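Asker: Sending over a structure as structure tokens; questions will come in a sec.
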Amino acid sequence: MADFNKILTPGDVDGGIINVVNEIPAGSNHKIEWNRKLAAFQLDRVEPAIFAKPTNYGFIPQTLDEDGDELDVLLVTEQPLATGIFLEARVIGVMKFVDDGEVDDKIVCVPADDRNNGNAYKTLADLPQQLIKQIEFHFNHYKDLKKAGTTKVESWGDVEEAKQVIKESIERWNKQA
């Protein structure tokens, strides 16, 4: 397997099209994480089935969020995507999130070329509001059986705010490289 942080860049952040590596398929309760040291995917844990991911879950290569991991992505597709694929994705917003006191923001994206829906999703406002509610509920409660009250969706930001979060994460990556 290739080391995604060596073969992929973050993409065209200013243009709103980024590279995303998928870790967890939508609907999965497996917490699969990219192990940067081994350059491999690793099953970290199995969550209770009621906390299956409402979207695909991945990361942007060559980024570091404030929690020390690559910057997370919530990737909205109609079908689950397999672990280990990468794609170009359109940035549509950011979910400002705190996990156990640490900033752990999630960039919200859709495939850059989605001919099925005619590339209809350009901003968070274009997504079904029910999906936004499900995402927010999931992230506010997915640790409730182990450490209730340790996660909080603080707010949602637009495309420009998302790009700023990505740029800050690229700067963090470059400082540690």
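The values are calculated or read from the model by the stated rules, or taken from the named source; none is laboratory data. Bear in mind that the values here come from a model prediction, so they are computed numbers and not experimental data. Here Cβ is always computed from backbone atoms with ideal geometry, including for glycine, and neighbour counts include all displayed protein chains. For the accessible areas, the whole protein counts, side chains as well, though only heavy atoms, and no ligand, DNA or RNA atoms are used. Shrake-Rupley method; radii C 1.70, N 1.55, O 1.52, S 1.80 Å.
Asker: Compute the accessible area per residue over the range 2-173, keeping the other protein chains in place, probe 1.4 Å, unit Å².
Answerer: Solvent-accessible surface per residue comes out at 48 Å².
Asker: Mind checking which of 20, 94, 46 has the largest fluctuation in a GNM of the chain, springs on alpha carbons under 10 Å?
Answerer: In the Gaussian network model the winner is 46.
Asker: Enumerate the amide H contacts of residue 92 below 5 Å, restricted to partners 5 or more residues apart or on another chain; note that Pro and chain-start residues carry no placed amide H.
Answerer: Excluding prolines and chain starts, which carry no amide H, the hits are 108, 109, 110.
Asker: Still on this structure, please answer the following. Going from most exposed to least, what order do 41, 97 have by accessible area with a 1.4 Å probe?
Answerer: Details: 41 45, 97 0 Å².
Final ranking, largest accessible area leading: 41, 97.
Asker: Once the Cβ-Cβ distance between residue 137 and residue 40 is put in as r, and R0 is 35 Å, what FRET efficiency do you end up with, to the nearest 0.05?
Answerer: Once rounded, the FRET efficiency stands at 0.65.
Asker: Pick from 117, 140, 56: which residue has the top mean-square fluctuation in a GNM of the chain where Cα pairs under 10 Å get a spring?
Answerer: In this elastic network of the chain, the residue with the biggest mean-square fluctuation among 117, 140, 56 is 117.
Asker: Taking all protein chains together and a probe of 1.4 Å, list 85, 32 from the most accessible to the least accessible.
Answerer: 85, 32
Asker: Separate question: Within the range 1-143, what whole-number % of the accessible surface is contributed by carbon and sulfur, with the 1.4 Å probe and all protein chains included in the calculation?
Answerer: Numbers: 3300 of 6500 Å².
About 51 percent, which is the carbon plus sulfur part of the accessible surface.
Asker: Distance cut-off 21 Å, Cα to Cα: go down the list 96/133; 6/96; 6/122; 6/175; 31/167; 122/163 and report the pairs above it.
Answerer: Numbers: 96/133 14 Å; 6/96 27 Å; 6/122 29 Å; 6/175 16 Å; 31/167 26 Å; 122/163 14 Å.
Among 96/133; 6/96; 6/122; 6/175; 31/167; 122/163, the Cα-Cα distance tops 21 Å for 6/96; 6/122; 31/167.
Asker: To the nearest 0.05, how large is the calculated FRET efficiency for residue 164 and residue 9 if R₀ is 22 Å and r is the Cβ-Cβ distance?
Answerer: 0.75
Asker: Give, in nm to one decimal, the length gained when the segment between residue 171 and residue 130 is fully stretched (0.36 nm per residue of separation minus the Cα-Cα distance).
Answerer: 11.3 nm
Asker: Quick one: ranking 169, 155 by accessible area, 1.4 Å probe, largest first, what do you get?
Answerer: On the way: 169 0, 155 50 Å².
Listed by decreasing accessible area, they come as 155, 169.
Asker: Cut-off 19 Å, label point 7 angstrom out along Cα-to-Cβ of residue 144: give me the residues of the range 16-31 whose amide nitrogen falls inside.
Answerer: What the label zone holds, given the 19 Å backbone N cut-off, is 27-30.
Asker: Using helices alone, I'd like the mean residue ellipticity at 222 nm for the chain: each DSSP H run of four-plus residues gives -39500 (n - 2.57), total over residue count, nearest 500. Before the final figure, lay out the partial values.
Answerer: On the way: 4 runs with 39 residues, N = 177.
Computed ellipticity for the chain at 222 nm equals -6500 deg cm²/dmol.
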